[in-house]
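Novice: This structure is in structure tokens; I'll ask about it shortly.
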Amino acid sequence: TVIGFTHFRPFVSQLRAGTNCFLDDLFVDVAFRGSGAAQALIEAVKAEAAAKGWGVVRWITAEDNYRGRNVYDKLATRTPWVTYDIKL
């Protein structure tokens, strides 16, 4: 039974002349939140990125995603970057 999934991809850092990992999506079924599944998925992405020699795993989340951010704050360092969009 699938209880969650993640999607990630490489991205190039021109300033550091290296490849990093962007975690695009992380989803855990509501019934399994708090079970450690999110942490396990992020750790799996981290292991894959390390095996590929990528320098960092990065993701963004909504400011009001308090439950997710509670998990993320235990696993990673929040950066000072703010994201902007131009709708086309």
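Novice: Among the residues of the range 3-26, write down those that are aliphatic (A, V, I, L, M) and within 14 Å of A44 (Cβ to Cβ). Talk me through it step by step, then tell me what you get.
Specialist: Here is the first cut: in the range 3-26, the ones aliphatic (A, V, I, L, M) are 3, 12, 15, 17, 23, 26.
Listed by number, the residues that qualify are I3, L23, L26.
Novice: Return a yes/no flag: does the range 24-38 have any residue that is polar (S, T, N, Q) and more than 15 Å from the chain's Cα centre (by Cα).
Specialist: Going through the range 24-38, the residues polar (S, T, N, Q) turn out to be 35.
Those left that are additionally more than 15 Å from the chain's Cα centre (by Cα): 35.
There is at least one residue in the range 24-38 that is polar (S, T, N, Q) and more than 15 Å from the chain's Cα centre (by Cα).
Novice: Among the residues of the range 12-30, write down those that are exposed (fewer than 12 other Cβ atoms within 10 Å of the Cβ) and in contact (Cβ under 8 Å) with a residue 12 or more places away in the chain.
Specialist: Going through the range 12-30, the residues exposed (fewer than 12 other Cβ atoms within 10 Å of the Cβ) turn out to be 12, 14-17, 24-25, 30.
Within the range 12-30, R16, D24, D25 meet the criteria.
Novice: Name, by its number, the condition in (1) assigned to a strand (DSSP E or B); (2) surrounded by 12 or more Cβ atoms within 10 Å (Cβ to Cβ); (3) out of contact with any Phe, Trp or Tyr (no Cβ under 6 Å at 6 or more places or on another chain) that does not hold for A44.
Specialist: So A44 meets the others, but not (1).
Novice: Please state which one of L41, L23 is within 20 Å of V82 (Cβ to Cβ) and among the hydrophobic types (A, V, I, L, M, F, W, C). Spell out the reasoning first.
Specialist: Details: L41 fails: within 20 Å of V82 (Cβ to Cβ).
Result of the check over L41, L23: L23.
Novice: Also, quick follow-up: Given (1) closer than 23 Å to P10 by Cβ; (2) out of contact with any strand residue (DSSP E or B) (no Cβ under 9 Å at 6 or more places or on another chain); (3) in a helix (DSSP H, G or I); (4) in contact (Cβ under 8 Å) with a residue 12 or more places away in the chain, identify the lone condition not met by K74.
Specialist: (1)
Values in this text are rule-based calculations from the coordinates and carry no lab data. Quick caveat, the model's predicted, so the values are computed rather than measured. Cβ atoms come from the backbone with ideal geometry, glycine included; neighbour counts cover every protein chain shown.
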